[in-house]
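Reading through the structure tokens given below for one structure.
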Amino acid sequence: FATMSRPERRFASEWQNREEMSIVRNFVISRGIYSQVYAPPKAVVLLRSAASEVHPCVQWTPLAELLFQSTDLAAVYVFDVSDLIGELASETSSPSLGPILKPLQRSFMKVNPQEATFIAASSTCALALKLLRDDPAFVGKCVDHVVCVSPPPSLPRGKGPGLQQAATALYTSETAAQAGPPVLDPLFAEQASHVQVQGTGKEAIMRGIAEVVAAARRGGEASADGTGAAEAVALHQFQDRASQQAFVAQHNIRYSELIFTLDAASKQPIQEVVDITARVLS
């Protein structure tokens, strides 16, 4: 029977807490009832790095709905590295995969997306590009297209040949659109496409991302007619948990625990959370 001293117990406890927090959290926004798929074809993977009271599924539901309307996409995968973003300086200074990208690499290995579109925004663009550059054998083969939303004015120059993926940069201003190509183009073997978002605000950005992703999935064909879009569900206010669970059972939502988690994480009333989730899962 072995025992640990008080300092050893404290060290073990601190290490356990660190290990529990130092993870990439993976989320899925699904068109219908989600069933786990290994190696999903033509997947869409989002990289999220900013911690927020808004749950990742709520944050990216508008984009998922646009994609469900215009493509046959079954699910959007969100890889959340916000718990690790404090290690950003260490990651950017590391010559190889560091404390953020090693766990992110493992997330890619678990999902193993095929011909994926990898979406990153602002400072996360550098993380996405470094991951592709430093792990061409696995992640590089998973990703066909990179979408950089509002890339920063400076990105780390990689050694060796340019990245083989197709690339699209989305800009929210003319100034950024003029400054972007000289920064982004040298990082890829082929010149990136540069698009200025039409309109302002979050809705315009989501629409711009959706149009780029939809065009890439269709090989540049005209926009689809939206057949098969997920329909919103009219809800009544729930008076208690039992009535909420009855709604979940009625609409055949298997992932009711996701709804409860959303409620706790997003601080929204439970009926609004169910409304948001049901539009995607119904």
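The values are calculated or read from the model by the stated rules, or taken from the named source; none is laboratory data. These numbers come from a predicted model, not from an experiment. Methodologically, a virtual Cβ is constructed for each residue, glycine included, from the backbone with ideal geometry; neighbour enumeration extends over all protein chains shown.
Of the residues examined, SER107 is not one that is free of Cβ contacts under 8 Å to residues at least 60 places away in the same chain and among the hydroxyl-bearing types (Ser, Thr, Tyr).
Among the residues making up region 127-174, those that are surrounded by fewer than 20 Cβ atoms within 10 Å (Cβ to Cβ), farther than 17 Å from LYS42 by Cβ and among the aliphatic types (A, V, I, L, M) are ALA137, LEU155.
Being farther than 26 Å from VAL212 by Cβ, at pLDDT 90 or above and surrounded by fewer than 19 Cβ atoms within 10 Å (Cβ to Cβ) holds for only one residue in PRO99, PRO62, and it is PRO99.
With the structure loaded, tell me whether ALA120 is of a type outside the set (Asp, Glu), buried (at least 19 other Cβ atoms within 10 Å of the Cβ), in a strand (DSSP E or B) and on the phi < 0 side of the Ramachandran plot or whether it fails that test. So ALA120 passes the test.
Consider SER90 against the criteria (1) surrounded by fewer than 19 Cβ atoms within 10 Å (Cβ to Cβ); (2) of a type in the set (Ser, Thr, Tyr); (3) in contact (Cβ under 8 Å) with a residue 40 or more places away in the chain: it satisfies all of them except one. Which criterion is unmet? With respect to (1) surrounded by fewer than 19 Cβ atoms within 10 Å (Cβ to Cβ); (2) of a type in the set (Ser, Thr, Tyr); (3) in contact (Cβ under 8 Å) with a residue 40 or more places away in the chain, SER90 is out only on (3). Considered as a group, the residues in region 168-201 that are in contact with a helix residue (DSSP H, G or I) (Cβ under 8 Å, 6 or more places away or on another chain) and of a type in the set (A, V, I, L, M, F, W, C) include one that is nearest to ARG133 (Cα to Cα), and that residue is LEU187.
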